[in-house]
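Values in this text are rule-based calculations from the coordinates and carry no lab data. Quick caveat, the model's predicted, so the values are computed rather than measured. As a convention, Cβ positions derive from the backbone with ideal geometry for all residues, glycine included, and neighbour counts pool all protein chains shown.
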Amino acid sequence: MKATLGKRLAVSLMVTAFGASVAPLANAQDSAGATANGTTQAAPTSKAEKKAAQKAERKQARAKKNAELKKLEAAGYDPAKRDDATYPQDIQNAQKKAGIGQGASK
């Protein structure tokens with residue numbers, strides 16, 4: 001089924017409007033390469049540097065998650081205990097006790 005000229009034009013305008021609204025967001029980061037913690041670093045230029053930067057980011061994120069899990073375990077959460085009937089309440093209680101995650105805001 002052939003699309004009419006009006007439909008094609010409407011789709012083209014929607015795609016253009018979407019692209020125009022997203023483009024400023026994509027360029028919002030400054031050229032110095034600001035990171036999430038507010039520090040600035042030079043953008044990696046080579047493929048090896050980019051790979052090393054990604055590896056460092058993954059390592060940092062993993063360390064943060066492991067630290068959070070340790071806090072939850074210290075607050076009484078046991079991930080090895082598979083009791084699906086009390087699962088959401090167990091972790092929410094541990095989050096409240098440890099003062100982290102969604103449990104802390106409720």
## Note on the structure
Honestly segment 64-106 on the Cα gyration tensor test (a ≥ b ≥ c root eigenvalues; a/c under 1.5 rounded, otherwise a/b vs b/c for prolate or oblate) is just oblate
### Task
May I ask you to order 45-56, 87-98 by the average number of other C-beta atoms within 10 Å around their residues, highest value first?
87-98, 45-56
### Summary
Taking a crude spin-label model, label points 7 Å out from Cα along the C-beta direction, the A56 to Q92 distance in nm is 4.0
